[in-house]
Amino acid sequence: MSTASRSTETRDWEAIARGAALSGTEGEGVESIRELLSFRLDDSPYAIPVERVREIVRLREVTHVPKVPDWVLGVVALRGEVVQVVDLRMRLGLPARERSRRSRIIVLHGDDDRITGVLVDAVDQVLRVSEEAFRAVSSAADLAAVTELCLQDGDFVSVVDLDRVLELRAD
Amino acid sequence: MAARRKNANARDASAKKPARRPSKSSTSEKANREFVSEAEEILERMSEDLADLADQRQTRNEVDPDLVNRIFRSAHSLKGLAGMFGLDGMGELAHHLEDILDGLRLGRIPIGSPAVDLLDDAVALLGVLMGDLDDADAQEKHLVEVSGLIGRIDAAVATPIPQSGEFDGLSLDPALLRALTEYEEHRLRESIRRGRELSLVDSTFEIIAFEEGLSEISSAIREIGEVISTLPSPGAAPESQIRFSLLVATDLPAGRLAERLDLSGVSVREVLPGTATEAVAVANVASAGGPTAPVAAPIGDVRNSQDAKSIDPSDPISAVEAPVAEPSEIESLRSISDTVRVDIRKLDELMTLVGELVIARNAIAGIASRLALEPDTAKIGTELTKTHRLLDRKLKELQAGVLDVRMVPLRQIFEKLSRVVRRLRRDHDKDIVLDFKGSDTELDKLIVEQLVDPLMHVVRNAFDHAIESAEEREAAGKAPGGSILVQAFQRGNHVVIEVVDDGRGIDPDRVRAIAETQGIVSPDDILTDKEKLDLIFAPGLSTRGEVSETSGRGVGMDVVRSNLAALGGVVDVSSVLGRGTTVTLTLPITLAIIQALIVSVGGERFAIPLNAVLETLLCEPKEIQRSEGREILNLRGEALDLRRLSREFGLKGGRQDGKQYVVVLGMGDQRVGLLVDELHGQQDTVIKPIKGPIRHIPGIAGATELGDQGVVLVIDVSFVIGDAARRKEAA
């Protein structure tokens, strides 16, 4: 669908994310630093642990799948694998929005062949955040997927708990 | 603070996840399963043999040497298997098991309590190791036990009993004595100690048929005694013949043995202990020189030295001895040398590659026809088409070759079934005969693996529930013993496996009654007998014990059905009350590459495995008739149930002209017509699993990439076909 040429504001996030994922976070003796990949839904910043990220790809043609929850957008082919794509806006209960040239699929590692693509509006950068900057979310009724926030240059970034996002309800 | 700590932990947990690569964990599981099934079989056999060994030792104070040899071979196979899968602890233990067994075989260790206890302990520990295969921590812990046990084994093996009793005075050719292996010497010594009669059986065979002749005479002797050694005999024989000398220990004197064997071309000579003959003199010299000393050969007369030469173990002629003496051991060695074990994952990779080549080939075909249409490039286009055809042919051969490698005969599962039924028969004291037909029928290795459980389930059901007690059977005028027949055969692109019993059969009305009490059907539903019978596959009904007692079938049949559906197969049941039940499993031969029919509904494309498509037709709206909310079509006089793909998948379907294509699907005995908007021809496809949070998408068997058309979902035909129970559910 969105096969427009690479826009000027888009940098090579694939390289950034992959490099960060490869370098790893352990073994440097700085246990209090966490690395997050930040992205946007609407204009709000969100983030996920960078080590969960396998790669970031442009939005490509998604094949619709019947009889699945509406937050599963469909499936895409990724180098010989067929992977489900979760519409994160839909999953977090945000209003639908047109996809743009900046829309990206963040591909997550998955145990047990549960590799998953997550559709976001735009990918920002890799954040290195010290433990002190994290704040737990106190009342998490309708924000169940966001369990903590991290303070970044005076703004709060919502850290998405991927296991909750991808967890299936009993139905 | 507490919250942060919790977060830190959560992070640790999530940080670990990517390190555990998904594909690796699931594939090594697969490899483990393969290992486990084979190792379990070996261990099972070992413990049975060990039980026999303990029995023999107690009752006869003597042990059948063949039994020890068999256990030795089991330990050897297990060692090889463990080595192949890199399980060092297990391999090491099996290796030391071999040491004890070798000691027992050669009489270096007495068959007494320390040795037998060590064997028992080792086999038990191997079982424990197997059980905790996936648990690295437990394995670590067990290693301590392993090394402890190995220490005990080493100690036992290190103190051999002194070998005593020479063969002085035996009226045996010294050359023959020299050719005996250590094991054979031990057996000879053992036989003398027990005071058994020794005889030398000479027999002459035609060279072309000597193997059968030898095995015939050997097995005749084994019935009454033991063949200590089989050696080619040098004596004058015509060119086309070969002579063998068998050194035999029995409880019969030579004369009686000759009568007993009564075979042509066989002569029996008594081997006397301590008879002073020429041979004895030579024998003395020979034993003085030691059993393997080559110096002994020149002593004695000319004939004897020739004898010695021709019996030298390194001589190619006497090497014939080996396959005869230990036929099964040699056989297993041979099978290791000319077959290659291949990890099924490697074949999967090859298959995927072939599949991708097929997609590329389709693209080339497209380019070729485009080129052929342009006048400028028509010539090149034609050439490309020709090359494409060659590529196509070779690809098909490659595909068939890879598929062929994945095929294994059903015999593997049948043997497992027969073992289970043997055990059931012993435990339940039920006289039921299990027969197999078509065990050479081949199926994809992966399917065979997945088939074991459901098939076992069906056979167990037949054994436990379908077949009546002997009294009940006699009252019904049947033979007291029941029978279960498992037969397999190929039908087109499918393999059919039928489990036929001659038990009490299933009463459809009772199944229905029970289904009603459980709310699966309502009392108003009108069902045919077939539909009532099919209720045994309904989830919920089948898990209830009392149903199995009264209906004779049905425990976990819903599980069997879903297991088969996962393989793209179906299960069907038919029954005659009082006469028996037949459960039919229908499976595709392979899952790897399939031909698919591409259809579309509401603008979305789907692939349907072609092996399930019987025919396609275009029908007018008025041809579709309705009955009880079902849509049916008159297909050459038969009522064909119709299903709309648009409705199944919640899509906006339909063509402007109102017509519909009908894809007639068939699997097992079931037929259904699937209504779609358009047909788009056939394609070779590789079905891939769909990865992601949703494990099982109803109605979808997987997905496939179609060159330029992106990802297309593959329809699960067994879901569409469904059965009476599901249709009720949906309605």
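The values are calculated or read from the model by the stated rules, or taken from the named source; none is laboratory data. These numbers were taken from a predicted model, which means no experiment stands behind them. Neighbour counts run over all protein chains shown; Cβ positions are idealised from the backbone, glycine included.
So which residues in the stretch B:469-490 are touching a strand residue (DSSP E or B) at 6+ places or on another chain (Cβ under 8 Å) and surrounded by fewer than 20 Cβ atoms within 10 Å (Cβ to Cβ)?
B:ARG473, B:GLY481, B:SER483, B:LEU485, B:GLN487, B:PHE489, B:GLN490
Got at least one residue in the stretch B:353-366 being in a helix (DSSP H, G or I), within 13 Å of chain A (Cβ to nearest Cβ) and within 14 Å of B:LYS445 (Cβ to Cβ)?
Scanning the stretch B:353-366, I find no residue that is in a helix (DSSP H, G or I), within 13 Å of chain A (Cβ to nearest Cβ) and within 14 Å of B:LYS445 (Cβ to Cβ), so the answer is no.
Just to be sure I understand the filter: pairs with C-beta atoms under 6 Å, separated by 6 or more residues or on different chains, first member in the stretch B:437-449 and under 20 Å from B:LEU485 (Cβ atoms), second member of a type in the set (Lys, Arg). Which pairs pass?
Correct list of pairs: B:SER439/B:ARG411.
Taking into account only those residues within the stretch A:84-94 that are within 14 Å of another protein chain (Cβ to nearest Cβ) and out of contact with any Pro (no Cβ under 8 Å at 6 or more places or on another chain), which is nearest to A:ARG164 (Cα to Cα)?
If we take residues in the stretch A:84-94 being within 14 Å of another protein chain (Cβ to nearest Cβ) and out of contact with any Pro (no Cβ under 8 Å at 6 or more places or on another chain), then A:ARG91 is nearest to A:ARG164 (Cα to Cα).
Does A:SER100 fit the bill of being in a loop (DSSP other than H, G, I, E, B) and under 26 Å from A:SER32 (Cα atoms)?
no
Got a number for residues in the stretch B:56-91 being within 26 Å of B:VAL146 (Cα to Cα) and not in a helix (DSSP H, G or I)?
Selection size over the stretch B:56-91: 3.
Taking the condition of being touching a helix residue (DSSP H, G or I) at 6+ places or on another chain (Cβ under 7 Å) and within 21 Å of A:CYS150 (Cβ to Cβ), how many residues in the stretch A:42-87 meet it?
7
Conditions (1) under 12 Å from the mean Cα position of the chain (by Cα); (2) closer than 17 Å to A:PRO45 by Cα, marked per residue:
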position: A:ARG79; (1), (2): no, no
position: A:VAL86; (1), (2): yes, no
position: A:MET90; (1), (2): no, yes
position: A:SER103; (1), (2): yes, yes
position: A:THR116; (1), (2): yes, no
position: A:VAL120; (1), (2): yes, yes
position: A:VAL126; (1), (2): yes, yes
position: A:GLU131; (1), (2): no, no
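How about the stretch B:648-667: which of its residues are within 41 Å of the chain's Cα centre (by Cα) and crowded, with 20+ Cβ neighbours inside 10 Å?
B:GLU648, B:PHE649, B:VAL662, B:VAL663, B:LEU665, B:MET667 - these are the residues of the stretch B:648-667 that are within 41 Å of the chain's Cα centre (by Cα) and crowded, with 20+ Cβ neighbours inside 10 Å.
Assess whether A:LEU88 counts as being among the aliphatic types (A, V, I, L, M), closer than 28 Å to A:ILE33 by Cβ and modelled with pLDDT under 85.
no
List the pairs whose first member sits in the stretch B:691-702 and is at the interface with chain A (Cβ under 7 Å from one of its Cβ atoms) and touching a residue at least 60 places away in the same chain (Cβ under 8 Å), whose second member is in a strand (DSSP E or B) and surrounded by fewer than 19 Cβ atoms within 10 Å (Cβ to Cβ), and whose Cβ atoms are under 6 Å apart, counting only residues at least 6 apart or on separate chains?
Cβ pairs passing all conditions: none.
Of the residues A:SER100, A:SER23, A:SER38, only one is surrounded by fewer than 16 Cβ atoms within 10 Å (Cβ to Cβ) and modelled with pLDDT of 70 or more; which?
Being surrounded by fewer than 16 Cβ atoms within 10 Å (Cβ to Cβ) and modelled with pLDDT of 70 or more holds for just one of A:SER100, A:SER23, A:SER38, which is A:SER100.
Looking at this structure, is B:GLU531 modelled with pLDDT under 80 and acidic (Asp, Glu)?
Here the answer is no, as B:GLU531 does not meet what is asked.
Sort through A:VAL165, A:VAL146 and tell me the only one that's within 13 Å of the chain's Cα centre (by Cα), within 10 Å of chain B (Cβ to nearest Cβ) and either buried (at least 20 other Cβ atoms within 10 Å of the Cβ) or within 19 Å of A:SER38 (Cα to Cα) (or both).
Result: A:VAL165 is the single residue among A:VAL165, A:VAL146 that is within 13 Å of the chain's Cα centre (by Cα), within 10 Å of chain B (Cβ to nearest Cβ) and either buried (at least 20 other Cβ atoms within 10 Å of the Cβ) or within 19 Å of A:SER38 (Cα to Cα) (or both).
Okay, residues lined up against (1) away from chain B (no Cβ under 13 Å); (2) among the aliphatic types (A, V, I, L, M); (3) without any contact (Cβ under 8 Å) to a residue 24 or more places away in the chain; (4) more than 21 Å from A:ARG164 (Cα to Cα):
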site: A:VAL82; (1), (2), (3), (4): no, yes, yes, yes
site: A:ALA96; (1), (2), (3), (4): yes, yes, yes, no
site: A:SER103; (1), (2), (3), (4): yes, no, no, yes
site: A:ASP111; (1), (2), (3), (4): no, no, yes, no
site: A:VAL118; (1), (2), (3), (4): no, yes, no, no
site: A:GLN125; (1), (2), (3), (4): yes, no, no, yes
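Select from the stretch B:413-444 the residues that are assigned to a helix (DSSP H, G or I) and surrounded by 19 or more Cβ atoms within 10 Å (Cβ to Cβ) and list them in ascending order.
B:ILE413, B:PHE414, B:LEU417, B:VAL421
Please determine, by comparing only the residues of the stretch B:689-721 that are modelled with pLDDT of 80 or more and among the charged types (D, E, K, R), which one is surrounded by the fewest Cβ atoms within 10 Å (Cβ to Cβ).
Of everything passing the filter in the stretch B:689-721, B:GLU705 is surrounded by the fewest Cβ atoms within 10 Å (Cβ to Cβ).
Can you pull out every residue in the stretch B:664-706 that is closer than 25 Å to B:LYS652 by Cβ, touching an Asp or Glu at 6+ places or on another chain (Cβ under 8 Å) and among the β-branched types (Val, Ile, Thr)?
Correct list: B:VAL664, B:VAL672, B:ILE700.
Mind listing whichever residues of the stretch A:53-76 are within 8 Å of chain B (Cβ to nearest Cβ) and either surrounded by fewer than 21 Cβ atoms within 10 Å (Cβ to Cβ) or in a strand (DSSP E or B) (or both)?
Hits for the stretch A:53-76 are A:ARG54, A:GLU61, A:THR63, A:HIS64, A:PRO66, A:LYS67, A:VAL68, A:PRO69, A:VAL72, A:VAL75, A:VAL76.
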